[in-house]
Amino acid sequence: MSDELRPWRDKYPEVRVEVDCSVGQPANQLVEASADASLVDVGRRIRRSAIGTRLGPVVHAVLHHATAPVAVVPHA
């Protein structure tokens with residue numbers, strides 16, 4: 001994960017990023033981590049649907065229970 005983040009850390013050195021790998025339910029882990037975070041960044045798949053955008057259960061839980069602001073970033 002550090003290799004993937006390196007270009008962004010080099011481009012924005014003033015932004016502090018912490019990487020934490022843990023075992024457990026993803027939604028619970030992210031909600032817990034939000035207590036000490038300035039921002040929680042979660043990704044979602046881009047799905048084309050006639051009824052609009054669909055969020056998965058992890059993103060849904062984080063949006064409703066995180067104590068920090070949440071950024072939902074679509075990716076392919």
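Points worth noting:
- For the residues Val40, Val19, Val62, a GNM of the chain with alpha-carbon springs under 10 Å puts the largest fluctuation on Val19.
- For the pair His75 and Arg16, a Förster radius of 22 Å applied to the C-beta separation gives a FRET efficiency near 0.45, rounded to the nearest 0.05.
- Per residue, the chain reaches -10000 deg cm²/dmol at 222 nm when only DSSP H runs of four or more residues are counted, each adding -39500 (n - 2.57).
- Sequentially through the stretch 64-72, phi angles give Karplus couplings (6.51, -1.76, 1.60; θ = phi - 60°) of 8, 10, 5, 9, 10, x, 10, 10, 9 Hz, Gly and Pro residues having no value and appearing as x.
- The chain - percent of accessible surface contributed by carbon and sulfur, probe 1.4 Å: 53
- Solvent exposure of the chain amounts to 84 Å² per residue of accessible area, where only protein heavy atoms count and the probe is 1.4 Å.
- On the principal axes of its alpha carbon atoms, the chain extends 41, 25, 22 Å, with the longest extent given first.
The values are calculated or read from the model by the stated rules, or taken from the named source; none is laboratory data. Bear in mind the structure is a predicted one, so any value in this text is a computation, not a measurement. As a convention, Cβ positions derive from the backbone with ideal geometry for all residues, glycine included, and neighbour counts pool all protein chains shown. Heads up: the accessible areas ignore ligands, DNA and RNA and are worked out on the full protein's heavy atoms, side chains in. Shrake-Rupley method; radii C 1.70, N 1.55, O 1.52, S 1.80 Å.
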